[in-house]
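The values are calculated or read from the model by the stated rules, or taken from the named source; none is laboratory data. Every value quoted in this text rests on a predicted model; they were computed, and no experiment measured them. Glycine also receives a Cβ, built like all others from the backbone with ideal geometry; neighbour counts cover every protein chain displayed.
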Amino acid sequence: MTKNTTRKALLTSVLSLMLCFSMLIGTTFAWFTDTVTSAGNIIKTGKLDVEMHWAEGSEAVPTADAGWTDASSGAIFDYDNWEPGYVQVRHIRIANKGTLAFKYNVSIIANGIVSDLAKVIDVYYIDPAKQIEERADLTDMPRLGTLTEVLAKLGETGNGILEKDESDVITIAFKMQETAGNEYQEKSIGSDFSVQLFATQLTFEGDSFDDQYDVDAPVATYKVNPSNVQDYLDGKYGSTTNMKLVLEAGDYGVLYLGRPTKYAGSNTTYVCGQGTLHTGSFETTDAETFKAHLADNKWHTTPQYTTTVENLMIVGEDGAKVAGLIHSTGHSYGDVYDYVRDIDYDAGSAYYSTSYISDVTIENVAFTGKIDINTSDANTVIDGITFRDCSFTTGGTASANGAAIRYYNEANNGKVKNLTVENCEFNSCYQGIYTGHINGISVLGNTFDTLGHNAIALQGGGPVNFKTVVIKNNVMKNVADRVIRFNEVGADSQITIQYNAAVNSGNSAGEVIKATSIANGATFDVQYNDWGGKTVANDELKDKANTEATYADDNTGLNAALTSGAGTIILGSGEYIVPDSASGKTLTLVGNGETKITAQNDGASEGNGDYSFHSSTVTFENITLTSTGTYHPGYPYMIGTFNNCTLNGVWSLYRSATFNDCTFNVSGDLYNVWTWGAEAATFNNCTFNNDGKALLLYGTANTKLTVNGCTFNDNGGLADLKAAIEIGNDYGKSYELIVNDTVVNGYEINDKGINTGSTLWANKNSMGTDKLNVVVDGVDVY
């Protein structure tokens, strides 16, 4: 499915209340429906699409669309001089404009601290909508309570179910109580508020068997800010399972993940092991019931809390800075706070905690403090924590600054596992990643710079069966100790270390990697690394000589390897220019993350191409390639495969090209890639960064362009309206575009040619279906 991360924010604000409306739609699964008729098959993806409009509540409910105002176009409430008896009323229309049935919930929530003024604002919720012609009409209307009371009842304001093309209309009224005294003059609520509409896909559309195939679809996406994010993580506004939090730009404090709280959304079970009045354990999932159980002035054992968090995603908008993240279970005592019973302890035993944490992903967050995920509880399971596209600093390289990421299990029992750190940056930390007694770690494509100790440490108090360890494509610069450190490697450890580079790193003895001991049975795949001339302490951790490869550290060595007929060439760190001796060959070039190749402008009349690989078939691994010029740059007449590469500038393709897990970067009014002379161009799991246009399907060949699992990022700046993939034709050629599971962030609908209504692709030269076929997620859209 083509996803567009631009959400329709149904804004806005009021009065000194600053009441803002925003629409937050829950994440959903997309699926195919298949209708078979005598005319053939129709296959289309479902769509969850909800709209909100408003109208003046003192007037009749509009029957025509013209009487409604789009809630995203401006303020819904606009009065700022409230006084006792004042009323504002609005009709709110919620409409299902998609193809999927959904259930919705309307809630009024605070985004920060609330003042006493909320105690004298009455809230009315009228369903179905009704015209309120005068204040007295509210007398018999359903009153939810004061604003203070409503804020304490998240999810109880209103709800409903809408099928395709249906709509509901409600009326919301706010009234300041006539009895409000002078003490409320010139007061504001003290915070802003949101009326949030949560729309969640309903298990309604049936397949061949029932309507339950989408019953487990993820529930809700919430946009949060520094003042309310911890409330969401604590479960105040709904379950922390199947939840996505989008952090708006701002400075956040330390966040606490999966701590036990009194909220049902924390998914906490409360247990009293024994008490004067019971010999067996007392267990409940209701915090108030549990507190009442402990309030009988009898003896009870220390409470035990068990919390579950599953499938949680935290995504930062640009500018979201977080001072740290903590998850800790075990025995809490001394100076601690019990968020279940709201008790602040200075000493003594507070509670014991266990957690079951799985599938937590954190993306695009700038961490300015430490991540500490740890347990001293033997029953806790932490399985699957991923950090992707994040940055980390602990503010210095002294030992007191600690590790940027600590992933620790006090027991060596295999229950803390599967940490993934991908495409992140670590700068100015004591350590990068420190683990203790864990199973499974992947460290992929990161940069570590200026560290006082190790970049990656896998430790334990004895032999640890690390299971699967993958350390690939990392660059480690200015690391004052070994870049990778193992303590005792257990027999059940499968360790892969490939395509890494160390620059100005290592301990005082010149070592970059060491294990204290390695048990028989552990396996290793270590190759294609450049340790900057430093040593590796253990034979098992040394790069295995590749008898089929030739090593080169500079341009002279590269030319010599090519001249000698080498097929696989491993390139060390540095900058390279490919010589003409590379033409007419089948080659594999392997880099280490710090290997850089510049494609030259050979000055040919055809454009800015580099003909060094003319008539060659070349595979590039883990290399940064930069083009020269903007008119047909690249490597003409080469068949290319690019794996885990970064390509900067504009690239024109010839013959055929395949890109796997690559990143493309360009700025200005330029495409990342022209297909030009390629008969086939395939992009798998790639990321395109540009200022408003990414791929141009255009050129002198009949071309099949396939795009699978890619992300297109529009940084903005283009005057013209361009889609992510533009299609044009001046040569009478035929094109096929196949797109699957692609994310489009930004871009525009091109107003030239045939309007596709899509920011994913544009038919700017109005090609007919006889020359152009476009298939998106299995659906023939053109």
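Please determine whether any residue of the range 510-521 is closer than 15 Å to Asn592 by Cβ, among the β-branched types (Val, Ile, Thr), in contact with a strand residue (DSSP E or B) (Cβ under 7 Å, 6 or more places away or on another chain) and surrounded by fewer than 21 Cβ atoms within 10 Å (Cβ to Cβ).
no
Going by the structure shown, is Tyr731 within 22 Å of Gly609 (Cα to Cα) and surrounded by fewer than 18 Cβ atoms within 10 Å (Cβ to Cβ)? So Tyr731 passes the test.
In the range 573-642, which strands (runs of 3 or more DSSP E) lie fully inside it and hold 1 or more residues that are hydroxyl-bearing (Ser, Thr, Tyr), modelled with pLDDT of 95 or more and not assigned by TED's automatic domain parsing to the domain that holds Phe659? Answer list for the range 573-642: none. Taken over the range 434-463, the criterion of being in contact with a Leu (Cβ under 8 Å, 6 or more places away or on another chain) and of a type in the set (D, E, K, R) is satisfied by no residue. The number of residues in the range 295-322 being hydroxyl-bearing (Ser, Thr, Tyr) and crowded, with 23+ Cβ neighbours inside 10 Å comes to 2. A count restricted to the range 362-398 and to residues that are part of a strand (DSSP E or B) and more than 19 Å from Arg259 (Cβ to Cβ) stands at 7.
When the range 334-359 is filtered for residues that are under 29 Å from the mean Cα position of the chain (by Cα), in a strand (DSSP E or B) and surrounded by fewer than 23 Cβ atoms within 10 Å (Cβ to Cβ), the ones remaining, listed by number, are Thr354, Tyr356, Ser358, Asp359.
Any idea which of His327, His331 is surrounded by fewer than 17 Cβ atoms within 10 Å (Cβ to Cβ), in a strand (DSSP E or B) and of a type outside the set (A, V, I, L, M, F, W, C)?
Going through His327, His331 in turn, just one is surrounded by fewer than 17 Cβ atoms within 10 Å (Cβ to Cβ), in a strand (DSSP E or B) and of a type outside the set (A, V, I, L, M, F, W, C): His331.
Residues of the range 405-430 that are within 16 Å of Phe466 (Cβ to Cβ), charged (D, E, K, R) and either in a strand (DSSP E or B) or under 20 Å from the mean Cα position of the chain (by Cα) (or both): Lys417 alone. For the subset of the range 95-130 comprising residues that are crowded, with 18+ Cβ neighbours inside 10 Å, touching a helix residue (DSSP H, G or I) at 6+ places or on another chain (Cβ under 7 Å) and within 23 Å of Val229 (Cα to Cα), which member is modelled with the highest pLDDT? If we take residues in the range 95-130 being crowded, with 18+ Cβ neighbours inside 10 Å, touching a helix residue (DSSP H, G or I) at 6+ places or on another chain (Cβ under 7 Å) and within 23 Å of Val229 (Cα to Cα), then Ala118 is modelled with the highest pLDDT.
Looking at Leu696, Leu670 in this structure, which one is among the aliphatic types (A, V, I, L, M), surrounded by fewer than 23 Cβ atoms within 10 Å (Cβ to Cβ) and either assigned by TED's automatic domain parsing to the domain that holds Val475 or not in a strand (DSSP E or B) (or both)? Please lay out each step first, then the result.
Values: Leu696 fails: either assigned by TED's automatic domain parsing to the domain that holds Val475 or not in a strand (DSSP E or B) (or both).
None of the others qualify; the one that does is Leu670.
In contact with a Ser or Thr (Cβ under 9 Å, 6 or more places away or on another chain) and within 27 Å of Val381 (Cβ to Cβ), is that true of Ile495? Judged against the criteria, Ile495 is a match.
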